[in-house]
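In what follows, a structure is listed as structure tokens, so that the remarks can point back to it.
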Amino acid sequence: SAVISQKPSRDICQRGTSLTIQCQVDSQVTMMFWYRQQPGQSLTLIATANQGSEATYESGFVIDKFPISRPNLTFSTLTVSNMSPEDSSIYLCSVTSGPDTQYFGPGTRLTVL
Amino acid sequence: GENVEQHPSTLSVQEGDSAVIKCTYSDSASNYFPWYKQELGKRPQLIIDIRSNVGEKKDQRIAVTLNKTAKHFSLHITETQPEDSAVYFCEGGNKLVFGAGTILRVKS
């Protein structure tokens, strides 16, 4: 299984600012994903981070709000832009190993004041 | 798109009893059905998965059953223990869509 780290683990931010979350994997992986998990809720896929091309966003998520970079097969970033309190959530990256199995990073707990 | 419904939303059992959580999915082309366990403050972790070419898979006290005709799959935990207390999520058919989650409480 892949070992995944995320930075920061948590942050408290002011509204209107932006935060960039980093996801690092210990091996090259094809598929990387970004999820949001609001308090007490399930996981919602934000986008698939594609290496060498623009991320693929799910319905309800747009690049201007959640720009994603994927410069290589072991690293990705998610930026939460122009934050509001509604963006307070846990953000998780995940990767697939094997055909389908997902492994999650430890998550970044974001609080927006 | 894919729709995944998970029931129940909460489940309380006595230690030693069995627990069953069920998910239904909508896409008949789905062929991979994992279950994740998420302890408080931790990341979701895969506990068991099943592919559409089998009807049941077992790993010690946990098992997953799949009914492709009815488009549902279930997580079975036998001889529950307090450390089984967590939130459990199904993922519907390799579509990256998760069920709403089930809070399992095992009372000792």
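Quick notes on this structure:
- Residue count for segment A:63-94 under the criterion of being part of a loop (DSSP other than H, G, I, E, B), within 13 Å of the chain's Cα centre (by Cα) and either within 14 Å of another protein chain (Cβ to nearest Cβ) or of a type in the set (A, V, I, L, M, F, W, C) (or both): the result is 2.
- Conditions (1) at the interface with chain B (Cβ under 9 Å from one of its Cβ atoms); (2) touching a Pro at 6+ places or on another chain (Cβ under 8 Å); (3) not charged (D, E, K, R): number failed by residue A:41: (2)
- Total residues in segment B:32-48, condition over 11 Å from residue A:101 (Cα atoms) and either more than 12 Å from chain A (Cβ to nearest Cβ) or in contact with a strand residue (DSSP E or B) (Cβ under 6 Å, 6 or more places away or on another chain) (or both): 5
- Residue that is farthest from the other protein chains (Cβ to nearest Cβ) [pool: residues in segment B:49-65 that are within 20 Å of residue B:16 (Cα to Cα) and surrounded by fewer than 17 Cβ atoms within 10 Å (Cβ to Cβ)]: B:61
- Members of segment B:66-89 that are buried (at least 22 other Cβ atoms within 10 Å of the Cβ) and at the interface with another protein chain (Cβ under 10 Å from one of its Cβ atoms): B:89
Here's the yes/no breakdown for (1) modelled with pLDDT under 95; (2) under 20 Å from residue B:44 (Cα atoms); (3) of a type in the set (A, V, I, L, M, F, W, C):
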residue	(1), (2), (3)
A:18	no, no, no
A:31	yes, yes, yes
A:51	yes, no, no
A:65	no, no, no
A:82	no, no, no
A:90	no, yes, yes
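- Matching option when the condition is within 14 Å of another protein chain (Cβ to nearest Cβ) and surrounded by 12 or more Cβ atoms within 10 Å (Cβ to Cβ), among A:59, A:5: A:5
- Single unsatisfied condition, residue B:33 versus (1) of a type outside the set (Val, Ile, Thr); (2) touching a residue at least 60 places away in the same chain (Cβ under 8 Å); (3) not in a strand (DSSP E or B): (3)
- Every residue from segment B:1-35 that is closer than 15 Å to residue B:84 by Cβ and in contact with a Cys (Cβ under 8 Å, 6 or more places away or on another chain): B:21, B:35
- Residue match in segment B:95-108 (condition: surrounded by 15 or more Cβ atoms within 10 Å (Cβ to Cβ), at positive phi and within 11 Å of chain A (Cβ to nearest Cβ)): yes
For every residue, the table says whether it meets (1) more than 23 Å from residue B:98 (Cα to Cα); (2) part of a loop (DSSP other than H, G, I, E, B); (3) touching a helix residue (DSSP H, G or I) at 6+ places or on another chain (Cβ under 8 Å); (4) touching a residue at least 24 places away in the same chain (Cβ under 8 Å).
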{"site": "A:5", "(1), (2), (3), (4)": "no, no, no, yes"}
{"site": "A:30", "(1), (2), (3), (4)": "no, yes, no, yes"}
{"site": "A:33", "(1), (2), (3), (4)": "no, no, no, yes"}
{"site": "A:45", "(1), (2), (3), (4)": "no, no, no, no"}
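- For residue A:106, the criteria (1) more than 19 Å from residue A:57 (Cα to Cα); (2) facing another protein chain (nearest Cβ under 9 Å); (3) not in a loop (DSSP other than H, G, I, E, B) hold in every case but one, which is (3).
The values are calculated or read from the model by the stated rules, or taken from the named source; none is laboratory data. Just so we're clear, the structure is a prediction, and the values are computed from it rather than from any experiment. Here the Cβ is made from the backbone with ideal geometry for all residues, glycine too, and neighbour counts use every protein chain on show.
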